[in-house]
Amino acid sequence: MPKMNPYLNFDGTTEEAFNFYKLVFRSEFRGPINRIGDAPGCENLSEDEKKRVMHVSLPIPGGDTLMGSDIVPSMGHKLIVGNNNYISLHPESREEADRLFNELSPGGKVEMPMADMFWGDYFGSFQDKFGVQWMINYSTTH
């Protein structure tokens, strides 16, 4: 089976978002933050677009990797934030579930607070301050 990594797009806030995620997940970027202005053919872009993130990769404890980039409006890119994609995290304890929820959700919109669910797990969901949808699910039946 192929490994699957969430890849997030932003409109000029990738670096801010990933620095935030780096703190929450207590991790370090894999390699440098690659800039759009470093790519061939991007010499005529505005200074703002040149500074945008072409690619960033953040290892997440447990073996997964969160990746992201900024859109380039002058190239016809348009970001549409929606509810069609969640990142589902599966921490090892209720305490870690609460920590992740409490550190990722401020400034966002809580959809479902952390609570024991009818299916037996401890679960919550929200949209963070960058518009990314998250689910935190601690399974009590490890």
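Below is a table of values for the structure above.
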{"item": "Length gained when the stretch residue 44-residue 19 is fully extended (0.36 nm per residue, less Cα-Cα span)", "result": "6.2 nm"}
{"item": "Computed lengthening from residue 119 to residue 5, 0.36 nm per intervening residue step minus Cα-Cα distance", "result": "38.4 nm"}
{"item": "Cβ crowding within 10 Å averaged over residues, with 135-141, 76-82 ranked highest first", "result": "135-141, 76-82"}
{"item": "Spatially near lysine pairs across the chain, Cα under 22 Å, sequence gap of 8 or more or different chains", "result": "9"}
{"item": "Against the rule of thumb 2.2 N^0.38 Å, how large the Cα Rg of the range 45-111 comes out", "result": "1.46"}
{"item": "Long-range amide H partners of residue 60 with built H, under 5 Å", "result": "65, 66"}
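Rule-based calculations on the coordinates, nothing more; no lab input. Fair warning: this is a prediction, and the values are worked out from it, not measured in the lab. Here Cβ is always computed from backbone atoms with ideal geometry, including for glycine, and neighbour counts include all displayed protein chains.
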